[in-house]
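Coordinate-derived values only; no laboratory data. Keep in mind that what you see is a predicted model, and the values were worked out from it rather than measured. Positions of Cβ are backbone-derived with ideal geometry, glycine not excepted, and every protein chain shown enters the neighbour counts.
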Amino acid sequence: MRSIYLLELSLLSHRGRREIDSELTQQQTQALDHFLNKFSDQLTHIAAWIADEEEEPARMSDDSIRLLEQGFGNPSSPNSQAIVDICQKMVSSLFLLRNEC
């Protein structure tokens with residue numbers, strides 16, 4: 001959980017910078033928003049499962065990260081590549097958390 005939290009903080013710090021926000025296209029912003037919504041939903045379901053409030057959730061589909069990568073296409077800047085890298089690490093951490101429980 002700590003690694004997920006730290007990765008989210010890192011993503012927020014990247015996204016919060018004005019110069020990066022202005023670098024992102026509308027398509028990239030939408031792809032990132034979609035990814036974050038799917039990621040958040042999955043994390044919420046895993047937390048409820050760990051607390052025995054829900055049945056085991058379905059695995060997060062690879063589509064969410066694939067759509068993000070497609071939205072960013074060939075990253076136009078090192079900052080956009082960093083955003084994609086952070087999101088990939090978030091998904092990996094989510095898979096690890098789910099497998100540990």
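Numbers below:
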{"item": "Residue among S40, V91, L12 farthest towards the positive dipole end of the chain, charges placed on Cβ", "result": "L12"}
{"item": "Charge sum, other residues only, whose C-beta stays under 11 Å from S40's C-beta, Lys/Arg counted +1 and Asp/Glu -1", "result": "-2"}
{"item": "For the chain, calculated [θ]222 nm from helices alone, where every DSSP H run of n ≥ 4 adds -39500 (n - 2.57)", "result": "-26500 deg cm²/dmol"}
{"item": "Burial ordering of M1, M60, M90, fewest other beta-carbon atoms within 10 Å first", "result": "M1, M60, M90"}
{"item": "Cβ-placed point charges (K, R +1; D, E -1), dipole of the chain about Cα centre in debye, nearest 20", "result": "420 debye"}
{"item": "Environment charge of D63, counting only residues whose C-beta is closer than 12 Å and scoring Lys/Arg +1, Asp/Glu -1", "result": "+1"}
{"item": "Computed over the chain: relative contact order in percent, which uses C-alpha pairs under 8 Å that are six or more apart", "result": "42 percent"}
{"item": "Proxy reagent accessibility, fewest Cβ within 10 Å first, across H45, H34", "result": "H34, H45"}
